1. What are the residues in the stretch 191-209 that are more than 17 Å from GLY151 (Cα to Cα) and touching a strand residue (DSSP E or B) at 6+ places or on another chain (Cβ under 9 Å), if any?
2. Give the residues of the stretch 72-96 that are modelled with pLDDT under 80, in contact with a strand residue (DSSP E or B) (Cβ under 6 Å, 6 or more places away or on another chain) and not β-branched (Val, Ile, Thr), sorted by residue number.
3. Would you check if there is a residue in the stretch 233-245 being touching a residue at least 60 places away in the same chain (Cβ under 8 Å), assigned to a helix (DSSP H, G or I) and out of contact with any Phe, Trp or Tyr (no Cβ under 6 Å at 6 or more places or on another chain)?
4. Please go through the stretch 292-316 and give me each residue that is at pLDDT 65 or above, at negative phi and among the small types (Gly, Ala, Ser), ordered by number.
5. Checking LEU222 against (1) modelled with pLDDT of 95 or more; (2) buried (at least 16 other Cβ atoms within 10 Å of the Cβ), only one condition comes out false. Which one?
6. If I filter the stretch 263-287 down to residues being among the charged types (D, E, K, R) and in a helix (DSSP H, G or I), which single residue comes out as surrounded by the fewest Cβ atoms within 10 Å (Cβ to Cβ)?
7. So which residues in the stretch 238-260 are farther than 12 Å from LEU198 by Cβ, of a type outside the set (D, E, K, R), surrounded by 15 or more Cβ atoms within 10 Å (Cβ to Cβ) and out of contact with any strand residue (DSSP E or B) (no Cβ under 7 Å at 6 or more places or on another chain)?
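The values are calculated or read from the model by the stated rules, or taken from the named source; none is laboratory data. Please read all numbers here as calculations on a predicted model, not as lab measurements. Here the Cβ positions follow ideal geometry from the backbone for every residue, glycine too, while neighbour counts run over all protein chains shown.
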Amino acid sequence: MKNGKLKACLIAITGLGIMWASSSAVAAVEKRCTAGGVKVECPTQSDADVKKAAEAYGKEAEDFSEGKGGSTYGIAPFDYLTGVGKRANSDTKTYKTDSGYGEAKGSYKTELWDRVKKPGVTNEETYNQWTNNWSPKFDTTLVAGADPTQGKQWYYSYCIACHGWLLHGDGPSAAELNPRPRTLTRGDYMQKKTNLELFTIIKGGGEAVSLSSSMPGWGNLLQDQDIWNVVAFIRAMQDVPPPKSVAEYLNPKSTFKPNKGDVDALNAATNKDFKEANELMESDMAGRGGPELVGGGYVEGGSRKKPNEITLKVGK
């Protein structure tokens, strides 16, 4: 595989959000937003920081394709900017590492192929082992009826291109957007945002809450439960800094405290405000309506669970 092709492949896996980035970059829109009912400056990375992140991402992709180990941010087995896992026997001794994928090594094999140590009894068990060996797995939730570990996977699929691998607003597309993607770890801002606000902007996009169209609506790709799981993942990452070790990366500590009376995945179906917001969003979505194309429904299959089937306890 040519280095250029590998770089293109690595960039492509950052998520489908990159498609919307280029089309909406030219739209300078309202840069202030609301937290706790008060207009505030939205937490975003500076122009210099997102430019630096984009350049570092490109360098990491090149190093990866050449078989070089190490990390843009100093953790030898893992690069938080790209989510790439490397072969390494410690966090910091980079001289004994390699990407496992360079042509010089001849194997074209990274840790991705080594994630499953022992196949599970079910496909779900095998999948969960594969996907959680190199990313956080949460034993509790901060949003009742929602699973942050499942939400993590949807976030990785669709959100990292703009918001960054660890929600810091430093994805490879961030430099092309105006306004910048929100820094979703900022506790002084995020603690004031309700679950309903987060759900609405993910499902309906920025325009659903009178903000930027740079944030696309995901309601035609994600089911409501998937979106609740993403909300739970965001809550689990509040005030989590860039990790200094793989152990720290795998065990994030959130400062979020569930807001009393807030809507969640378990009570959403009976919550008046949620039903009104959801009905309004559904009315604007293509392909909705009629007995077979009702948004916010539930489809059996895979590892998806209903809110009442998620047994994770709500953390304090």
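1. Hits for the stretch 191-209 are GLN191, LYS192, LYS193, VAL209.
2. GLY85, ARG87
3. yes
4. Matches in the stretch 292-316: SER303, GLY315.
5. Unmet condition: (1).
6. Quick first cut of the stretch 263-287, residues among the charged types (D, E, K, R) only: 264, 272-273, 275-276, 279, 282, 284.
Checking which are in a helix (DSSP H, G or I) leaves us with 272-273, 275-276, 279, 282.
Values: LYS272: 8, ASP273: 12, LYS275: 14, GLU276: 10, GLU279: 11, GLU282: 16.
Result: LYS272.
7. Across the stretch 238-260, the qualifying residues are VAL240, PRO242, PRO243, SER245, LEU250, PRO252, SER254.
Yes/no matrix, rows are residues, columns are (1) crowded, with 16+ Cβ neighbours inside 10 Å; (2) touching a residue at least 60 places away in the same chain (Cβ under 8 Å); (3) touching a Leu at 6+ places or on another chain (Cβ under 8 Å):
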position	(1), (2), (3)
LYS118	no, no, no
GLN129	yes, no, no
ASP139	no, yes, yes
GLY145	yes, yes, yes
LEU184	yes, no, yes
GLN191	yes, yes, no
